[in-house]
Amino acid sequence: MNQQKIPATVITGFLGAGKTTMIRNLLSNTNGKKIALIINEFGDLGVDGEVLRGCGAENCTEDDIIELTNGCICCTVADDFIPTMTKLLEREQRPDHIVIETSGLALPQPLVAAFNWPDIRTQVTVDGVVTVVDSAAVAAGRFADDHDAVEARRVEDESLDHESPIEELFEDQLTCADLIVLNKTDLLDAAGLGRVRDEVASRVARKPVMIEARNGEVPASVLLGLGVGTEDDVVNRKSHHELEHQDGVTHDHDEFDSFVVELGPVADPAAFVGALKSIIGQHDVLRLKGFVDVPGKPMRLQVQAVGTRVDHYFDRAWAPGEARGTRLVVIGLHEMDEAAVRKAIEALA
């Protein structure tokens with residue numbers, strides 16, 4: 001058996017940065033490489049796996065796509081990731097390359113560190129960590145608190161942490177990167193993009209390569225074959241949590257919540273999407289995604305929202321025997337009023 005290590009690419013980035021779209025584009029130009037995908041989502045509704053299964057890539061079949069939807073992979077390394085990798089490596093026909101899409105709320109550091117487990121280290125190496133950035137969200141200040149206002153509060157209460165959980169997570173994902181992809185650059189002008197570059201660069205002590213992309217369009221030759229071996233350098237890429245809790249305190253995601261809303265058919269998708277945008281803005285929902293049943297339409301409507309930016313399009317036909325319905329996953333900070341958000345969305349159908 002060929003003992004050459006299989007390269008694995010970890011693709012991380014905050015909620016809605018465009019990771020799944022980039023992977024979908026990647027699968028269409030892999031130059032014959034057989035790709036295995038491990039997809040991790042925060043919450044119980046697996047949307048990204050559904051999107052990628054419909055991409056029709058010959059070198060990444062449905063059997064090559066593995067979904068983990070019971071928590072962030074960074075918190076379930078021993079329970080989920082290691083067993084998944086073990087089964088993948090036991091296959092008679094092993095992949096040429098493994099691509100791992102983390103949840104938008106995952107820290108990449110624990111995942112990279114897991115490649116140093118004895119049974120994994122001898123067979124797989126981390127080719128590189130790719131962090132995808134939503135450039136428009138950075139430009140809008142979604143990852144930065146009003147520091148003057150926070151400092152004023154700290155004068156009154158020195159116990160206050162100066163960084164939000166979103167801001168820390170954003171920096172942690174950048175800190176672990178070998179390649180940073182500034183995505184959605186078509187939503188900004190040159191001056192705005194320049195400010196985003198400066199903002200991102202200011203948050204990383206290391207200086208990984210930074211490239212620009214529209215709609216997640218990055219050639220496979222750029223994403224694959226970095227040859228970094230990131231597992232050997234993970235100690236130099238510690239997250240905020242690791243730096244603050246070097247006594248072994250377990251990382252968790254108590255700052256974030258997610259839930260699924262199930263509805264019946266939606267007769268007017270345009271009005272539905274417009275109302276969703278209003279609900280998202282009113283309750284500061286971070287991410288909303290899922291599928292909608294539109295009566296009389298043979299295809300399923302996919303909805304993807306990042307903040308109040310909402311995209312919707314028909315992605316595929318409902319399969320024979322598949323139960324039609326509307327299912328949306330909602331992700332927000334812990335203080336989000338789930339009952340109010342759920343009630344508002346349910347009132348739309």
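Looking at (1) assigned to a strand (DSSP E or B); (2) closer than 25 Å to Arg142 by Cβ, which one does Ala344 not meet, given that it meets all the others?
(1)
Just wondering, is there one or more residues in the range 258-267 that are closer than 12 Å to Gly332 by Cβ, touching a Phe, Trp or Tyr at 6+ places or on another chain (Cβ under 8 Å) and not β-branched (Val, Ile, Thr)?
yes
So which residues in the range 299-334 are among the acidic types (Asp, Glu) and closer than 19 Å to Phe14 by Cα, if there are any at all?
Asp311
Please list, ordered by first then second residue, the pairs with beta carbon atoms under 7 Å, 6 or more apart or interchain, first in the range 320-349 and closer than 11 Å to Leu263 by Cα, second in a loop (DSSP other than H, G, I, E, B) and among the aromatic types (Phe, Trp, Tyr).
From the range 320-349, the pairs are Arg324/Trp318.
Can you name the residue in the range 18-50 that is in a loop (DSSP other than H, G, I, E, B) and at pLDDT 85 or above and, of all such residues, is least open to solvent (accessible area, probe 1.4 Å)?
For the range 18-50, the residue satisfying everything is Gly18.
Go over the candidates Val132, Val138, Val126 one by one and state the one that is of a type in the set (A, V, I, L, M, F, W, C), modelled with pLDDT of 90 or more and open to solvent by 10 Å² or more (accessible area, probe 1.4 Å).
Sole residue among the options that is of a type in the set (A, V, I, L, M, F, W, C), modelled with pLDDT of 90 or more and open to solvent by 10 Å² or more (accessible area, probe 1.4 Å): Val138.
Restricting attention to the range 85-108, which residues are within 13 Å of Thr9 (Cα to Cα) and either among the polar types (S, T, N, Q) or part of a loop (DSSP other than H, G, I, E, B) (or both)?
Pro95, Asp96, Thr102
What number goes with the only condition from (1) at pLDDT 60 or above; (2) open to solvent by 60 Å² or more (accessible area, probe 1.4 Å) that Arg53 does not pass?
Unmet condition: (1).
Just checking, does the range 90-102 include any residue being surrounded by fewer than 18 Cβ atoms within 10 Å (Cβ to Cβ) and modelled with pLDDT under 80?
no
Go through (1) open to solvent by less than 70 Å² (accessible area, probe 1.4 Å); (2) touching a Lys or Arg at 6+ places or on another chain (Cβ under 8 Å) and name the single condition Phe314 misses.
(1) is the only condition that Phe314 fails.
Show the residue pairs meeting these rules: Cβ distance below 7 Å; 6+ apart or different chains; first residue within the range 222-240 and within 13 Å of Gln173 (Cα to Cα); second residue of a type in the set (A, V, I, L, M) and open to solvent by less than 20 Å² (accessible area, probe 1.4 Å).
Close Cβ pairs (under 7 Å, with a partner that is of a type in the set (A, V, I, L, M) and open to solvent by less than 20 Å² (accessible area, probe 1.4 Å)) amount to Val234/Val112; Ser239/Leu107.
Which members of the range 297-330 meet the condition of being in a loop (DSSP other than H, G, I, E, B) and over 30 Å from Val133 (Cα atoms)?
Selection gives Lys297, Pro298, Trp318, Ala319, Pro320, Gly321, Glu322, Ala323, Arg324, Gly325.
Just to verify a result, which residue in the range 76-89, among those that are modelled with pLDDT under 80 and not hydrophobic (A, V, I, L, M, F, W, C), is surrounded by the fewest Cβ atoms within 10 Å (Cβ to Cβ)?
Asp79
Select from the range 317-340 the residues that are open to solvent by less than 70 Å² (accessible area, probe 1.4 Å) and over 27 Å from Phe143 (Cα atoms) and list them in ascending order.
Residues satisfying the conditions are Ala317, Trp318, Ala319, Glu322, Gly325, Thr326.
Output the number of residues of the range 243-259 satisfying the condition of being at pLDDT below 75 and outside any loop (DSSP other than H, G, I, E, B).
1
Any residue at all in the range 287-296 that is touching a strand residue (DSSP E or B) at 6+ places or on another chain (Cβ under 8 Å), among the acidic types (Asp, Glu), open to solvent by less than 40 Å² (accessible area, probe 1.4 Å) and assigned to a loop (DSSP other than H, G, I, E, B)?
Yes.
The values are calculated or read from the model by the stated rules, or taken from the named source; none is laboratory data. Quantities reported herein were computed from a predicted structural model and do not represent experimental measurements. Glycine gets a Cβ as well: all are built from the backbone with ideal geometry, and neighbour counts include every protein chain shown. The protein model used for the area step is the full one, side chains on, heavy atoms only, and it has no ligands, DNA or RNA in it. Shrake-Rupley method; radii C 1.70, N 1.55, O 1.52, S 1.80 Å.
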